[in-house]
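Each reported figure results from applying straightforward, stated rules to the coordinates on display, with no laboratory input. The structure displayed is predicted, hence computed values, not measured ones. Backbone-built Cβ (ideal geometry, glycine too); neighbour counts: all protein chains shown.
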Amino acid sequence: AFEFDAYLKSEQLRSSALEGRHIVSNVLKIILKNATGSSSLSQPLTPDLLRNIFSYYGERSLLEDNLLVDEMIAAAASYGSEGGGNGGVFVAFRTPTLNVDTFLH
């Protein structure tokens with residue numbers, strides 16, 4: 001019975017996590033649709049995209065915060081590399097895509 005209880009709990013956690021990703025995906029699509037007119041989750045994460053989002057939601061002070069914008073893009077670009085970085089190895093910067101994973105990161 002214990003093994004079955006553990007299995008049920010793991011399935012409930014997995015289901016909850018998938019439901020959470022679905023909710024985040026829907027919220028992100030709404031944000032993108034409002035700010036850009038497109039709900040595509042494959043848009044490049046650029047300074048212009050972030051500023052469009054900030055502007056739509058009335059975050060005027062963030063529009064001019066270049067450091068914040070750069071840090072947000074750098075954090076998204078580092079998503080998926082070990083330890084949040086490249087282990088000390090330089091890798092050419094790539095423009096990340098705004099999707100559920102980079103949004104959560």
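Quick one: what are the phi-derived ³J(HN,Hα) couplings along the stretch 38-48, Karplus 6.51/-1.76/1.60 with θ = phi - 60°, whole Hz, x for glycine and proline?
10, 9, 4, 8, 10, 7, x, 7, 10, x, 5
Between Leu68 and Ala6, how high is the FRET efficiency from 1/(1 + (r/R0)^6) when r is the Cβ-Cβ distance and R₀ = 35 Å? Nearest 0.05. Could the numbers behind the result be given before it?
On the way: r = 43 Å, r/R0 = 1.23.
About 0.20, to the nearest 0.05.
Would you pull out the residues with amide H under 5 Å of Thr97's amide H, same chain only if 5 or more places away, H placed 1.01 Å from N?
Leu45
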